[in-house]
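Written out below as structure tokens is the structure these notes cover.
Computed from the coordinates by the stated procedures, all read-outs in this text should not be read as laboratory data. This structure is a prediction, so every number in the text was calculated from the model and none was measured. Don't worry about glycine lacking a Cβ; one is built from the backbone with ideal geometry, like all the others, and counts go over all protein chains shown.
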Amino acid sequence: MSNRILRKTRLAERIWEFEVEAPRIAKRAEAGQFVALRSSEVGERVPITISEKDPERGVITLVVQEAGMETQSLGSLKEGEDILDVLGPLGKPTELQAEGTCVCIGGGVGIAILRPIVRALKEKGNRVVTILGARDRSLLILRKELEALSDEVLVCTDNGSEGVHGMVTDVLRQYLDGGGKCDRVFAIGPLRMMWAVGDMTTERGIPCTVSLNPVMLCASGMCGACRVSVGGETLFACVHGPEFEASKVNFAELQARQMMYREAEERILREHATCSLEERHAELPERAAKEIQMISGAAEGEPSKRKIIPKHVPVTILEPKERIKTFDEVSLGYNEEEAIAEANRCIECKNPGCVAGCPVGVNIPAFVSLIAQGKFAEAYQVVCESHMLGAVCGRVCPQETQCEQLCALGKKFDSVCIGRLERFCADWAAAHPEAMARANGHPVVTPEWWSKVAVIGSGPAGLCCAADLAKAGVKVTIFEALHRPGGVLAYGIPEFRLPRGVVDREVQRVKDLGVDIELNVIVGRTVTLDELFESGYKAVFVGSGAGLPTFLNIPGENLKGVFSANEFLTRVNLMRARLFPFYHTPIYVGDVTFVFGAGNTAMDAVRCALRLGSRDARILYRRSREEAPARHEELEHAEEEGVRFEFLVAPTRFIGNDDGWVTGVEIQRMELGEPDASGRRRPVPIGGSEEIWPCDCAIVAVGQSPNPTIPQTTPGLETGRRGVIVVDKETLATSIPGIYSGGDAVSGGTTVIEAAGHGRKAARSILRYLCSLPGVAPPHVLARVEALEAAAAGGGTAE
Ligand code: FAD
Ligand code: SF4
């Protein structure tokens, strides 16, 4: 769907009004909501409030002030061009009611955001007094439009070039002191202005709503970059806001957080002030140039320098000293000879433990045996019968606790390296397109789609569900909130573990089955589940994952330099901030970076910090190494790379300096007590063991919970502890007929292969459900569903 710019008007120096084609957003947008924009492939996602909407014409109006790199890029777009991504409408609409007299205050581009609020307040029967402020008359925008909507308009400029010489607070004071009536104030503009208005209204006991503009990244409740302290609680502006009661907002903290990336950006902009984009690109370091070429399909990456570190049948992995300088993949996998040699170690058990250990029942002995015979394409076909993510799972699945743990050889010797063999045959198939055509081996049952299903989320659960439905002749559209498909595979797992090209390849194979993927659609906001049913989808699968970060809830957590792992990893992976400023999203890493937690997410974050230049990158974990949930291989790789591990310590508070930057953490030592509900020994604090450890960056990786948008916007969808979607274990049916769910949204967070397994299981249930609807499924489908169910029950496949 295009986001064409239909009109671009200059409102003032560096302030542009755009009319943009966005029918879905225009239909749903309400006053106070915003969109997240990205101008180009290298762009940052910036939030821009919707200034006007015209649902009939399917257009929204946005006012953009050129400030940072990305808004400058947006400002350079012309009429007729497309904005690459427009996601929304986001945030909660303004709470509007009959208040009596409302004073609406707009400063700078805040005036544009005020316009729909003034209009809506008038529609509710309020009297509206509008105060407009700008630095200079040339920057005063939309005065006439606001005059047409308001009962009274008062104007001021900082230099007295128009209206009162002074600030909006001076005008508000005069108005109130003069006996002006005021039942509520709305203030939108620069943070300092909203802060000052908030202080004045709080003193006088007048309720005041402000629209906050913190740093944002995902804008969909996933990263926590936009967190603000409101009434002592940490809230996300993109989900809980952007509007809040001014008297409750911690403005000082917000102002400090807003400055977090500004220094880096300003320095870069100064350096490039006189450069055109082409000149800027001519200066690209070699690596960034290569990445940009790869995006445009112009060049393939060069193989990395190799050095062998033996393990099992030796696999080539990059030398630690080399790899911490790059994001190149650490393990380069087996070549043909190595794969055959490793596969030949398999003794083809009659009752193979490995298959029982695989959550999707891959026929491991069969594909391993085919590799041993050199029949690589055929081996890959066997993997594909169970799931579509061979190259991904071969890289990131925790085989050591699944199939490889139950491998018969493992009782006395090394287990067969099943994961490496799975990766090998998937990579081999990709490198041999003619074999790939055969390996795809999943002819769609009928080229005529007999029904339509919507899948929400393009992570492993959504992709696998969509693939199975498509193979059965169901037309599937996947709706994805981000601008790249893949879920955690795209935004969370770094390229040194899972290269972007591998994820793209697996996604493409799902698309090749006829599955459509619509990016930048946040279901629940852009379109609701009810609307999907109304538009002809017969069933829905919710695979929205568990992207909501958990914080430590200790003092100082909102200091600058403290991040959720989701924010940090999304900047690095999805937004390519590691190549800032060539990609417009900035990133901050410290000299000393502490990462809290010891799961895969923590390992990914700490290893990224090391690669981005942290001299001392450390894991702090409250239990011992034995309890660490990360894959063993990831722990070992982190250790080899020089990550320091501090076990049996827990943070109790962060310490900051006068500028609001983190400077250290107070830790308390722990000892292990009795096992808790998870079966791991419980950490028990040792009294009096507190110490302060200096650091200048902290990343919190202590867990995630399901993304709340769909449950919040779908009445009747039952949720359980920590917000997981409640489903029937056998069918994955939710509390609403026709809606199924799986993956992290249901489990709260497990593994790629568990999510893939859920996707497949849900596809079988959805097919059976479609068969139960009168006149929907052709007769042969039920037989196919029964065959699939029988195969699943027997741990095999029906293909
Ligand atoms: P996700 O992969 O989370 O995908 C959900 C998708 O839904 C996202 O793209 C999201 O943007 C989209 N979405 C959410 N809400 C909406 C909405 N309202 N509208 C539209 N789209 C929406 N597992 C392993 O097996 N091995 C590992 O090594 C490993 N490492 C990990 C490292 C990190 C950093 C993280 C965070 C997780 C890791 N995991 C690992 C866990 C694994 O990635 C997840 O269990 C798996 O991706 C879950 O798949 P899913 O499809 O349920 O959800
Ligand atoms: Fe081969 Fe190990 Fe599976 Fe036995 S358990 S079939 S040896 S991979």
Problem set entry | Proximal aspartates and glutamates relative to LYS248, as straight alpha-carbon distance under 13 Å, when same-chain residues fewer than 8 apart are discounted | ASP199, GLU203, GLU233
Seminar exercise, completed: A correct Karplus calculation of ³J(HN,Hα) over region 333-345, with 6.51 cos²θ - 1.76 cosθ + 1.60, θ = phi - 60°, whole Hz and x for Gly and Pro, returns x, 7, 8, 4, 5, 5, 5, 4, 4, 5, 4, 5, 6
Exercise. Separation of region 326-396 and region 563-619 by C-alpha centroid, Å?
Worked result: 32 Å
For this session: Scan around THR652 for amide H atoms under 5 Å from its own, H built in the peptide plane at 1.01 Å from N, and keep only partners 5 or more places away or cross-chain.
Result: GLU666, ILE667, GLN668
Problem set entry | Computed E for GLU434/LEU332 - FRET, C-beta separation, R0 22 angstrom, nearest 0.05 | 0.40
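Using 0.36 nm per residue of separation minus the Cα-Cα distance, give me the extension gain between LYS511 and ALA341 in nm, one decimal. Don't skip to the answer; put the middle values down first.
On the way: separation 170, 0.36 × 170 = 61.20 nm, distance 3.42 nm.
Length gained between LYS511 and ALA341: 57.8 nm.
What fraction, in whole percent, of alpha-carbon pairs in region 425-576 exceed 29 Å separation?
On the way: 3143 of 11476 pairs.
Counting every Cα pair in region 425-576, those more than 29 Å apart make up 27 percent.
Calculate, for ARG173 and GLU534, the FRET efficiency according to 1/(1 + (r/R0)^6) with r their C-beta to C-beta distance and R0 51 Å; round to the nearest 0.05.
Numbers: r = 51 Å, r/R0 = 1.00.
Once the sixth-power term is evaluated, E becomes 0.50.
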Exercise. Once the dipole of the chain is set up with Lys and Arg at +1 and Asp and Glu at -1 on Cβ about the Cα centre, which of VAL592, VAL726, GLN508 lies farthest towards its positive end?
Worked result: VAL726
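Just list whichever of LYS53/LYS452; LYS471/LYS538; LYS122/LYS181; LYS122/LYS144; LYS78/LYS144 have alpha carbons separated by over 19 Å in the model shown.
Numbers: LYS53/LYS452 30 Å; LYS471/LYS538 17 Å; LYS122/LYS181 16 Å; LYS122/LYS144 16 Å; LYS78/LYS144 25 Å.
Pairs exceeding 19 Å: LYS53/LYS452; LYS78/LYS144.
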Exercise. Let a ≥ b ≥ c be the square roots of the eigenvalues of the Cα gyration tensor of region 383-515; is it rounded (a/c under 1.5), or, if not, prolate (a/b larger than b/c) or oblate?
Worked result: prolate
Seminar exercise, completed: Across all Cα atoms of the chain, Rg and the largest Cα-Cα distance (Dmax), in Å, are 27.8, 92
Problem set entry | Length added when fully stretched, LEU773-HIS632, from 0.36 nm per residue minus Cα-Cα | 46.0 nm
Problem set entry | Rough spin-label spacing in nm, given labels placed 7 Å along Cα→Cβ, for GLU56 and SER735 | 4.1 nm
Problem set entry | In nm, spacing of pseudo-spin labels at ASP658 and MET259 (7 Å Cα→C-beta vector) | 1.1 nm
Problem set entry | Alpha carbon centroid spacing (whole Å) that separates region 99-163 from region 485-516 | 47 Å
Seminar exercise, completed: So GLU718 and ASP414, fully extended at 0.36 nm per residue minus their Cα-Cα distance, gain in nm 104.9 nm
Problem set entry | Backbone N under 15 Å from the GLU691 label point (7 Å along Cα→Cβ), restricted to region 592-630 | 618-622
Problem set entry | Residues of region 10-47 with amide N under 18 Å of a point placed 7 Å along Cα→Cβ from GLU66 | 10-19, 38-40, 43-44, 46
